[in-house]
Amino acid sequence: MRQITAALAALLALAACEYRPGGTAYIFKVDSKEEYTTWRLERPALAGPERPSIRLKWYDENTYLTYEKLEPGPYALSLRRKGGRFYRIDFEVKPDQWLYKFPDPSVGGPDPGLAADAAAVRGKLDLPAADMPPLVVLVFSGKDVVLRRAGLKDGEFRVEPPPAGRYIVEVIVPGDPPRSWRSEIMDIRGPADLGTIRPGR
């Protein structure tokens, strides 16, 4: 009886591992204890205003899914954790594969977070130390509006780039009153340096 029960439990566990929600979902699981605040799927080779990033749905702990049909080719899973650091995991979508598992991006080998930082939109606030806020908000206004929030380190910030396109970038410094800085129209298709920013009131 115990052997039958054990075999049945193993069969149920195997069936659960092979379950594909809706029969069409693509599932992405990250083996990490980190708590991520945002997650999306980018299509680097297909970037453009007409091919925006894919917003993934939360499915389980560090497990996300999409029901959108994915064409085979290169993709990147973008993850943002509490505190502002984000990671980028590059991989290939294969024709007959719907379940993708990734190791913890913050440990082992080169830190993908460093590559993600190198691909970031960055800038530095020119403010007295007493006026330096804990974070800034960036608004990318283009064909769509994209908001990013970033913590500061020595006045510097880094955020994940928006989908490729032309944007006006506004950096908002919370406070009473708040301060802001606004760029000219920028063509952003990856990393960008906003330089030294002097927000006005």
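The values are calculated or read from the model by the stated rules, or taken from the named source; none is laboratory data. Just so it is clear, the model here is predicted, and its values are computed rather than measured. Neighbour counts are summed over all protein chains in view; Cβ atoms, including those assigned to glycine, are modelled from backbone coordinates with ideal geometry.
Per-residue answers, yes or no, for (1) within 26 Å of Tyr36 (Cβ to Cβ); (2) modelled with pLDDT under 85:
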| site | (1), (2) |
| --- | --- |
| Asp104 | yes, no |
| Ala115 | yes, yes |
| Leu127 | no, no |
| Leu135 | yes, yes |
| Arg148 | yes, no |
| Pro174 | yes, no |
| Asp187 | no, no |
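Of the strands (runs of 3 or more DSSP E) entirely within the range 153-201, those holding at least 1 residues that are of a type in the set (Lys, Arg) occupy 156-159, 165-173, 179-188.
Those residues that are crowded, with 18+ Cβ neighbours inside 10 Å and assigned to a strand (DSSP E or B), I need them from the range 123-136; list them, please. Spell out the reasoning first.
Restricting attention to the range 123-136, the residues satisfying the condition of being crowded, with 18+ Cβ neighbours inside 10 Å are 123, 125, 133, 136.
Once the filter is applied, which keeps residues that are crowded, with 18+ Cβ neighbours inside 10 Å and assigned to a strand (DSSP E or B), the range 123-136 yields Gly123, Leu125, Val136.
Filtering the range 137-152 to residues that are under 16 Å from Phe86 (Cα atoms), surrounded by fewer than 17 Cβ atoms within 10 Å (Cβ to Cβ) and among the basic types (Lys, Arg) leaves only Arg149. Cβ separations smaller than 6 Å between residues 6+ apart or across chains give the following pairs from the range 53-70 residues that are touching a residue at least 12 places away in the same chain (Cβ under 8 Å) to residues that are surrounded by fewer than 16 Cβ atoms within 10 Å (Cβ to Cβ) and among the acidic types (Asp, Glu): Ile54/Glu68.
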